[in-house]
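Below is one structure, written out as structure tokens; the observations come after it.
The values are calculated or read from the model by the stated rules, or taken from the named source; none is laboratory data. As the structure is a computational prediction, the values presented were derived from the model and not from experiment. Counting neighbours? That spans all protein chains shown, and the Cβs are built from the backbone with ideal geometry, glycine included. Note: accessible area is taken over every heavy atom of the protein model, side chains too, but ligands, DNA and RNA are not part of it. Shrake-Rupley method; radii C 1.70, N 1.55, O 1.52, S 1.80 Å.
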Amino acid sequence: MDLITKINRTRFLGAEFLLWLWHRSDIQEGRFDGEGESFELYFDSRIVLESLGEIREQSVIKAESPTDTPEAHEALRTGKLPMEAKLRVLIGPNQWTTTFKAEAFQLSGTKVPALLAKDEEEALHERLHLMEELEGVIEALYRQFLDQRLDDDTWREQVTVLRDWVAKS
């Protein structure tokens, strides 16, 4: 199987990951335990939900907490999945915002915490380190998601939990 075919066959994983992340953020009130470090993750100001059928319908919700809106929950109930979301991540005093695009599994428009370094070269290294820290958080969450997603029994249970959560929201 060539790379393009593999990508197309697994394209749904980004949307499932974002839905799983939304659920976890909701039930845990944004608090997560990472690999040795706690952090917070919130959906912030914008989310795009889309149906994945032949005709793609889209709902774009802009609000302070878009995942708390009735419109977002109604979009989920009608079968739309989150395809793009602005996320806010807090680790200690540091805060990042980024947009996660599910289909390409891509971060964009990332804003890192304020830089402390004054020297231009040190500031570049600090910025790169802060980007790596954010990517590490997303990768750790994705590993947790895949651990559940790749275990048939665990994923079957998770799907039931997600369906109940969507129905009650």
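List the number of the failed condition for LEU52; all other conditions in (1) in contact with a strand residue (DSSP E or B) (Cβ under 7 Å, 6 or more places away or on another chain); (2) modelled with pLDDT of 95 or more; (3) not in a strand (DSSP E or B) hold.
Tallying (1) in contact with a strand residue (DSSP E or B) (Cβ under 7 Å, 6 or more places away or on another chain); (2) modelled with pLDDT of 95 or more; (3) not in a strand (DSSP E or B), LEU52 fails exactly one: (2).
One residue is enough: does region 76-95 have a residue meeting the conditions buried (at least 17 other Cβ atoms within 10 Å of the Cβ), assigned to a helix (DSSP H, G or I) and within 17 Å of the chain's Cα centre (by Cα)?
The answer is yes; a qualifying residue exists.
Which members of region 96-122 meet the condition of being open to solvent by 50 Å² or more (accessible area, probe 1.4 Å) and free of Cβ contacts under 8 Å to residues at least 24 places away in the same chain?
Residues satisfying the conditions are GLN106, GLY109, LYS111, ALA114, LEU115, LEU116, LYS118, ASP119, GLU120, GLU121, GLU122.
Condition (residue is part of a loop (DSSP other than H, G, I, E, B), open to solvent by 20 Å² or more (accessible area, probe 1.4 Å) and closer than 20 Å to GLN158 by Cα) applied to region 19-28: is it met by at least one residue? Working first, answer last.
So in region 19-28, the residues part of a loop (DSSP other than H, G, I, E, B) come out as 28.
Now drop any that are not open to solvent by 20 Å² or more (accessible area, probe 1.4 Å), which leaves 28.
Cutting the leftovers down to closer than 20 Å to GLN158 by Cα gives us 28.
Among the residues of region 19-28, at least one is part of a loop (DSSP other than H, G, I, E, B), open to solvent by 20 Å² or more (accessible area, probe 1.4 Å) and closer than 20 Å to GLN158 by Cα, which makes the answer yes.
Which residue is nearest to GLU139 (Cα to Cα), if the candidates are limited to region 32-49 and must be modelled with pLDDT under 95 and open to solvent by 70 Å² or more (accessible area, probe 1.4 Å)?
Only one residue fits best here, namely GLU35.
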